[in-house]
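Step one of this worksheet: look at the structure below.
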Amino acid sequence: MRHTISVLVENRFGVLARVAGLFSGRGYNIDSLCVGETDDPTISRMTIVTNGDNRIIEQIEKQLNKLIDVIKVMDVTKEDHVERELVLIKVGADEAQRARVLEIVEIFRGKIIDVSPKTMTVEITGDEGKINGITEMLKPFGIKELVRTGKVAVVRGEK
Amino acid sequence: MKYTGAQILIEALIKEGADTIFGYPGGVLLPIFDVLYDAKINFILVRHEQGAAHAADGYSRSTNKVGVCMATSGPGATNLVTGIATAYMDSIPMVVITGQVPTTMIGNDAFQEADIIGITRPIVKHSYLLKNVADIARVVKEAFWIAKTGRPGPVLIDIPKDISTATMTNPKYPQSVDIRSYNPTCLGHPMQIKKAVSAIASSKKPVIYSGGGIMSSGAAEELQKFVDITGIPVTSTLLGLGGFPGTHPLFLGMLGMHGTKYANYAISNADLVIAVGSRFDDRVTGKVDEFAPAATVIHIDIDPSSISKNVLVHIPIVGDAKHILQQINKEAIPPKINDWTEQIEQWKKDYPLGYKKGGKLKPQFVIEKIYEVTGGNAIITTEVGQNQMWAAQYYKFEYPRSFLSSGGLGTMGYGFPAAIGAQVANPDMVVFDIAGDGSFQMNIQELATAIQYNLPVNVAILNNHNLGMVRQWQELFFNKRYSYTSMAVQPDFVKVAEAYGAEGIRVETEEEVVPALKSAIDSKKPVVLDFWVEEEENVFPMVPAGASLTQMLEGMA
Ligand SMILES: Cc1ncc(C[n+]2csc(CCOP(=O)(O)OP(=O)(O)O)c2C)c(N)n1
């Protein structure tokens, strides 16, 4: 099963390598990994999407916790949470197709951020379902390029 | 006053209680070596950096202090790698200092540059690349703290040359460590302790399975007390040997691949397994699905990631073994297990450890005599292979930290430099490296180190003229196709010893064994004992890799 693991780490040289090395060295998968500073510039947050059975996920959490630079590990999949990902999609669209692309983008509440005579670039933010949905819809136009940030997640409410 | 980074580094090491560094010089270390020239710290110049790492490891295992080793950038640092991995796998606290090219040149493929932080990332508990002279004192303090607390392990500090030469005024040496992301658990959770106590009280066939964690946490006394209260028999992993007295009537010896039959039967029939500071390694469990199939498992371990990693644990207790055993001892109720201990006694009588007498000198006989002559009052290190297993089976380890062996990594070449490190730390102890003729040759150059520092270590080579353990597997599982395991071409070890200025004694008969051992112990010099033993002797019992612990091959019949 897929899990989204949120990891607070010291914002230091080499931490990403330690985390990435842990996953590759122990044969765990990384579906996506997203890193950025938090409101405290000495702390970064990594959001890692991975998959595995419960035993593997438990090991991943424990092994992450063992890294000295890791401050906190949370499997947000177990909590009520919100996930978002930003995706930029460049689709083939000439003048005749533009309106149809625009229509789809509006339905999904995306944005057009660039247009050229033969392409349009769409910016879309959402959870996995939405991203998959719009990707499906845009496929017939020909997707020239698709760039995803990887998922970020936050637990709902005060927690 | 102004101090250089090199001065601060050495001062910080001294402040952490380091009295000895095992190491080897090189270009980027020159500023540090210049400080070492008249520093109040003992420096042991090894002959190969791998020797420095293993010696620091042996120093640490024999004392519970943090071992320190040092090597130059590039090849010096890469030569340490096997020693670091060995310490990591066995959770040995070590601080490893490597020189690095100047910060301005890092990443340029400079002369003798190696990304040692990157290379060692999976085999260190933590590592630091120093980029500022002002960080040195704090980093050294943290490195020692991280190395020895929680689940211990090696910590590497990479120090670029320009950081060693940089200066600062009035460096501050911190009094305490504050790492917000690192707070190892010490005490066991009271609820879990209660559950364990009740499982113990109602058990009918309990077994304690103790490991190296007994040594790391200094829990031998507590373990003994736990056994005094409960009367539960104890089996041990390789690294756990010495954690419980080898002569105790409730001791079952080692379990696992080359464990005693009675230990393996006991664990396989147990209804309760109490694992203390052990990690269910595959050499211990055999086929995991059939390991202690009927047992409830209590697992006491400092490392949460060891719990339920290989074997499902019913009552995990995370924390320091010493504290947890103290907590349990306060409440423990002895179970009624007379039938069980009688059964185990019967297994001990029916399936004793043994070997066929007669013919050439037997390696097991040599170990028995080393035990008799030393009376268990010695530090025994081993190499890897048959020598290691026979040492574990036939020597009775009475005290914690009297048995030093590379368990997790299984590093040939470990034993001799580790013996040197142990002898440095324990100048008055008798130290033996029980070796194979293959393994000893992997770090034989350290004879010069032993001579230089007047270290009277003894090497007992169980010379079977073979890479014996591999030969054994070829005999048993590869149709006796002895592919590249003969060591028929080997140096005359007696002459080699003499060439280095040590003593060498060749022994070929049983009668010569004890006199040779006595003369080695009496000698003030390092002594290499070259025991020419039966070449085709095998280690039994043996559980083939991946088989259940009850499926033991036996050589006696
Ligand atoms: C550095 C290293 N290389 C290879 C091995 C694989 N190996 C395990 S035991 C063994 C044979 C050891 O031979 P020897 O030291 O003569 O000891 P014996 O088994 O004969 O007692 C080998 C090659 C190892 N454990 N370590």
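The values are calculated or read from the model by the stated rules, or taken from the named source; none is laboratory data. The structure displayed is predicted, hence computed values, not measured ones. Cβ: placed from backbone, ideal geometry, glycine included. Neighbour counts: every protein chain shown. Please note that ligands, DNA and RNA were not included when accessible areas were found on the heavy atoms of the full protein model with its side chains. Shrake-Rupley method; radii C 1.70, N 1.55, O 1.52, S 1.80 Å.
Being more than 14 Å from chain A (Cβ to nearest Cβ), touching a residue at least 24 places away in the same chain (Cβ under 8 Å) and under 22 Å from residue B:152 (Cβ atoms) is true of residue B:325.
Quick grid of which residues meet (1) under 27 Å from residue B:58 (Cβ atoms); (2) of a type in the set (A, V, I, L, M); (3) surrounded by 22 or more Cβ atoms within 10 Å (Cβ to Cβ):
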position	(1), (2), (3)
B:86	yes, no, yes
B:93	yes, no, yes
B:99	yes, no, yes
B:105	no, yes, no
B:110	no, yes, no
B:119	yes, yes, no
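For the range A:14-37, the set of residues classified as touching a strand residue (DSSP E or B) at 6+ places or on another chain (Cβ under 7 Å) and either aromatic (Phe, Trp, Tyr) or over 19 Å from residue B:125 (Cα atoms) (or both) consists of A:28, A:29, A:30, A:31, A:32, A:33, A:34, A:35, A:36, A:37, listed by residue number.
Select, from B:15, B:40, the only residue that is under 17 Å from residue B:130 (Cβ atoms) and surrounded by fewer than 18 Cβ atoms within 10 Å (Cβ to Cβ).
On the way: B:40 fails: under 17 Å from residue B:130 (Cβ atoms).
None of the others qualify; the one that does is B:15.
Residues being open to solvent by 70 Å² or more (accessible area, probe 1.4 Å), assigned to a strand (DSSP E or B) and on the phi < 0 side of the Ramachandran plot are entirely absent from the range A:20-27.
From the residues in the range B:447-467 that are open to solvent by 10 Å² or more (accessible area, probe 1.4 Å), more than 8 Å from the ligand (Cβ to nearest atom) and not in a helix (DSSP H, G or I), which one is farthest from residue B:525 (Cα to Cα)? That would be B:465. Filtered by the rule that a residue be assigned to a loop (DSSP other than H, G, I, E, B), closer than 19 Å to residue B:232 by Cα and open to solvent by 20 Å² or more (accessible area, probe 1.4 Å), the range B:294-313 gives a lone residue, B:294.
Among the listed residues B:377, B:338, which satisfies the condition of being within 30 Å of residue B:412 (Cα to Cα) and either surrounded by fewer than 18 Cβ atoms within 10 Å (Cβ to Cβ) or not acidic (Asp, Glu) (or both)?
Working: B:338 fails: within 30 Å of residue B:412 (Cα to Cα).
The unique qualifying residue is B:377.
A single entry from B:410, B:421 fulfils the requirement of being on the phi < 0 side of the Ramachandran plot and of a type in the set (Gly, Ala, Ser): B:421. Within the range B:372-408, being more than 13 Å from the chain's Cα centre (by Cα) and either within 12 Å of the ligand (Cβ to nearest atom) or part of a strand (DSSP E or B) (or both) holds for B:385, B:386, B:387, B:389, B:390, B:391.
For first residues located in the range B:493-520 and in contact (Cβ under 8 Å) with a residue 12 or more places away in the chain, partners that are in a helix (DSSP H, G or I) and open to solvent by 80 Å² or more (accessible area, probe 1.4 Å) and lie 6+ apart or on another chain with Cβ distances below 6 Å form the pairs B:504/B:498. Quickly run through the range B:476-492 and pick out the residues that are touching a residue at least 24 places away in the same chain (Cβ under 8 Å) and within 12 Å of the ligand (Cβ to nearest atom). Listed by number, the residues that qualify are B:487, B:490.
Looking only at the range B:51-81, residues that are closer than 16 Å to residue B:404 by Cβ and within 16 Å of the ligand (Cβ to nearest atom) come to 4 in all. When the strands (runs of 3 or more DSSP E) confined to the range A:29-139 are screened for residues that are away from chain B (no Cβ under 14 Å) and either free of Cβ contacts under 8 Å to residues at least 24 places away in the same chain or surrounded by fewer than 17 Cβ atoms within 10 Å (Cβ to Cβ) (or both), those reaching at least 2 such residues are found at A:32-37, A:81-92, A:111-115, A:119-126. If you go through the range B:21-32 and keep only what is outside any loop (DSSP other than H, G, I, E, B) and surrounded by fewer than 20 Cβ atoms within 10 Å (Cβ to Cβ), you end up with B:27, B:30. Within the range B:352-370, the only residue that satisfies the criterion of being open to solvent by 40 Å² or more (accessible area, probe 1.4 Å) and under 22 Å from the mean Cα position of the chain (by Cα) is B:368. Reported count of residues in the range B:416-446, each being open to solvent by 10 Å² or more (accessible area, probe 1.4 Å), within 16 Å of the ligand (Cβ to nearest atom) and among the hydrophobic types (A, V, I, L, M, F, W, C), is 2. The residues of the range B:393-415 that are open to solvent by less than 10 Å² (accessible area, probe 1.4 Å) and within 18 Å of residue B:464 (Cα to Cα), listed by number, are B:413, B:415. Scanning the range B:264-290 for residues that are open to solvent by less than 10 Å² (accessible area, probe 1.4 Å) and either more than 21 Å from the chain's Cα centre (by Cα) or over 17 Å from residue B:211 (Cα atoms) (or both) yields B:264, B:266, B:267, B:270, B:272, B:273, B:274. Tallying residues that are away from chain B (no Cβ under 14 Å) and either of a type in the set (Asp, Glu) or more than 17 Å from residue A:149 (Cα to Cα) (or both) within the range A:4-28 yields 0.
Given the condition within 16 Å of the ligand (Cβ to nearest atom) and either away from chain A (no Cβ under 14 Å) or in a helix (DSSP H, G or I) (or both), answer yes or no: does some residue in the range B:344-356 qualify? Walk me through it before giving the result.
We begin by selecting, within the range B:344-356, every residue within 16 Å of the ligand (Cβ to nearest atom); these are B:355.
Retained after the next criterion (residues that are either away from chain A (no Cβ under 14 Å) or in a helix (DSSP H, G or I) (or both)): B:355.
Yes, that holds for at least one residue.
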